[in-house]
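Asks: Take a look at the following structure, please.
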Amino acid sequence: MKYDIGENIRRYRQLNGMSQKYLAAKLGLTPQGLLKIEKGEVSPRAKILERAVDVLCITPNQLFGIEEISEENSSILYRIRRETEASLVNEKNNY
């Protein structure tokens, strides 16, 4: 994998089955802003990179293309995260 942050964000977004709209909202961006990052037209700020690592369930090394994650592992991590978030929302709504 090459050192192309925007391309890596797009790749891991797609591996996780996320839409641009969904990921953009999680990162605090507009879909157009995320598209510009994915195309390499703009460089994301550090805070966006931190959020991307968290939301995409990857390491900074994976984001920067230093190491890869298998498609299967990425999808499993994403599902676990979504289930955890859903359960936290349910618990909050029950109080």
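The values are calculated or read from the model by the stated rules, or taken from the named source; none is laboratory data. What you see is a predicted model, and the numbers here were worked out from it, not measured in a lab. Cβ: placed from backbone, ideal geometry, glycine included. Neighbour counts: every protein chain shown.
Asks: Any idea which residue in the stretch 8-25 is farthest from Arg82 (Cα to Cα), counting only those that are of a type in the set (D, E, K, R) and modelled with pLDDT under 95?
Replies: Arg11
Asks: Could you list, in sequence order, the residues of the stretch 36-69 that are under 16 Å from Asp4 (Cα atoms), surrounded by fewer than 19 Cβ atoms within 10 Å (Cβ to Cβ), touching a Lys or Arg at 6+ places or on another chain (Cβ under 9 Å) and of a type outside the set (Gly, Ala, Ser)?
Replies: Lys39, Val42
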